[in-house]
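The values are calculated or read from the model by the stated rules, or taken from the named source; none is laboratory data. Everything numeric in this text was worked out from a predicted model, so none of it was measured. A quick note on method: Cβ atoms are made from the backbone with ideal geometry, for glycine too, and the neighbour counts reach across all protein chains shown.
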Amino acid sequence: MNILSIESSCDEMAAAIVTDMNVVKTSIVSSQIDLHKKYGGVVPELAGRHHLELVNNVVQSALDEAGMKFHDIDLFAGTRGPGLAAALLVGSTAAKSYAFALGKDFVGVNHHEAHILSVLLEHENVQFPFVSLLVSGGHTMIVIVDAPGKYRIVGATIDDAAGEAYDKVARLLGLGYPGGPLIDNLAENGNPKAFNFPRPMKDEPTKMSFSGLKTAVKYAVRDNPDASVEDICASFQAAVIDSLISKTKSTLDLLNSEELKATAISIGGGVAANSNLRSRIEDLAKEYSIRALVPDKSMCTDNAVMIAVAGKIHYDLRGPDSIGTGIDPGWKISDL
Ligand code: KG4
Ligand code: ZN
C-alpha cells in the first residue's frame, strides 16, 4: 500500500510517500524557520498562508522524487490535529481533496500519536505497554502506550512546553530561533553545575512546569552580566532534562506498580533531538533493563513520514475517515 502523507500542524510543510509502513520512498520537509525567525516564534496566520503557497509543490516534489504518479497512491493521510488551525487546514484539506478527486481513501491523523508511533518504523518487535516521553515546542507529556490507539496521558506540563522554554531562553540570551539546537550545542562546552536552577514541581511525580525556570534564567542573566553563555545554557539544559527524566522514572515506577511492567521507553518530538536527553534516556532504559526506542533525529522534529506510519495503523484499526472529517486543533490522544 502506497501512502502519501501531509503534515502541516505548525511551521513545517512536509510530504512523504511510505509503502506498507516501513519503506520510506521519499520525505520532504519545507521549514519556515527563516520566515518566523524575526518574530522569535511561529506566527499562525503567516504559517497558514505560506503552507497554502507550498502544499501542491511539496506534494508534487514527493511524487517526482519517488518516481510515482498520483494514481500510484492508495491512501492519503493528513494531520487533523492538534496544532494551529490555519496551518492544519491546509495540509488536511489538500489530503482530502486529492483523495476525493482520485476516488481513494483518506485518514486524518493525530500529530501526537504520529510522534509516538514513529518509533515503530525504526524498531522491530516493539512490545506494549511502553512509556513515551513526548517533548516538543507545543507539547510536553508522558504517555503510557497500552496498544496502538490506546493512550493514557499520565503527566504533562502545567504551563510552557519544554521546547517553548528552550526557545524563550534562547531569545532572552539573544541566540536566535529555534532555541533548542543552539542551546544544545552551547551547553556542550558549559558547566551544568554553574547555576543551580530550580527543578520545578519536585514533589509531583508526573506534573511538569517550565515557565518558572525561564524566569530563573532571566534573573541569573540580569544578576550575572559576565556569566558565560555556555554555563547558563548547560545549567538550564540540566534543569530541563533532570525534570523530564525524573518524571519519566516516576511513570515507569507507576506502571511497574500496576504489575504491567513497561517494555520500553520511547522519546519523540523536537526536543527528543537533544543529545543530552537521548543519552539520559538510554541510561534510564539500562537502569530498568528495558529497551530505549530513540528515533533518528530527522524523525524527532515534525515530518510527514510519522503521519504515514500512524495513518496506516489507524487505517488498519478503524478504516478510512469520511472526506467530511474536519480539523481538530485541540485533539487529545486520550480521546482517540
Ligand atoms: O516537534 P517540533 O519540530 O515542532 C513542534 O511540534 O513543536 O519541535 C520543535 C521544538 C522547538 O521548540 C525546538 O527548539 C526544539 O523542538 N528542539 C530542541 C532541539 N532540536 C529542536 N530542543 C532541545 N534540543 C534540541 N537539540
Ligand atoms: Zn511535533
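When residues of the stretch 239-288 are filtered for being outside any helix (DSSP H, G or I) and either within 13 Å of ligand 1 (Cβ to nearest atom) or of a type outside the set (S, T, N, Q) (or both), how many remain? Total satisfying the criteria: 11. In summary, D283 fulfils each of the numbered conditions (1) acidic (D, E); (2) free of Cβ contacts under 8 Å to residues at least 24 places away in the same chain; (3) assigned by TED's automatic domain parsing to the domain that holds V107 with the single exception of condition (3). In the stretch 219-238, the qualifying residues are those that are closer than 18 Å to D184 by Cα and of a type outside the set (A, V, I, L, M), and the one that is nearest to the chain's Cα centre (by Cα) is Q237. Taking residues in the stretch 242-270 that are more than 22 Å from E124 (Cβ to Cβ) and away from ligand 2 (no atom under 16 Å from the Cβ), and partners anywhere that are of a type in the set (K, R) and in a helix (DSSP H, G or I), the pairs with Cβ atoms closer than 6 Å and at least 6 places apart or on different chains are I245/R280. When V29, V58 are checked against the criterion of being in the same structural domain as S92 (by TED's automatic domain parsing), closer than 22 Å to K312 by Cα and more than 16 Å from ligand 2 (Cβ to nearest atom), V58 stands alone in meeting it.
Of the residues making up the stretch 122-135, one or more are modelled with pLDDT under 95, part of a helix (DSSP H, G or I) and closer than 30 Å to N256 by Cα. Within the stretch 37-63, the residues that satisfy the criterion of being surrounded by fewer than 16 Cβ atoms within 10 Å (Cβ to Cβ) and within 15 Å of Y98 (Cβ to Cβ) are N56, N57, Q60, S61. Taken together, the criteria exclude I290 from residues that are farther than 19 Å from T140 by Cα, assigned by TED's automatic domain parsing to the domain that holds S27 and of a type in the set (A, V, I, L, M). In the stretch 294-320, the residue that is surrounded by the fewest Cβ atoms within 10 Å (Cβ to Cβ) out of those that are within 16 Å of ligand 2 (Cβ to nearest atom) and of a type in the set (D, E, K, R) is D296. The single residue among G103, G138 that is small (G, A, S) and without any contact (Cβ under 8 Å) to a residue 40 or more places away in the chain turns out to be G103. When the stretch 285-336 is filtered for residues that are of a type in the set (S, T, Y) and in contact with a Gly (Cβ under 7 Å, 6 or more places away or on another chain), the ones remaining, listed by number, are T301, T325.
Taking the criterion of being under 13 Å from the mean Cα position of the chain (by Cα) and more than 15 Å from ligand 2 (Cβ to nearest atom), the only residue of the stretch 134-160 that qualifies is I142. Determine whether R291 is within 16 Å of ligand 1 (Cβ to nearest atom), surrounded by fewer than 24 Cβ atoms within 10 Å (Cβ to Cβ) and at pLDDT 95 or above. The answer is no for R291.
Taken as a whole, the structure places A94 among residues that are crowded, with 20+ Cβ neighbours inside 10 Å, more than 16 Å from ligand 1 (Cβ to nearest atom) and closer than 23 Å to M299 by Cβ.
Outside any loop (DSSP other than H, G, I, E, B), closer than 30 Å to R318 by Cα, among the small types (G, A, S) and modelled with pLDDT under 95: is that true of G155 in this structure? Taking the combined requirement at face value, the residue satisfies it.
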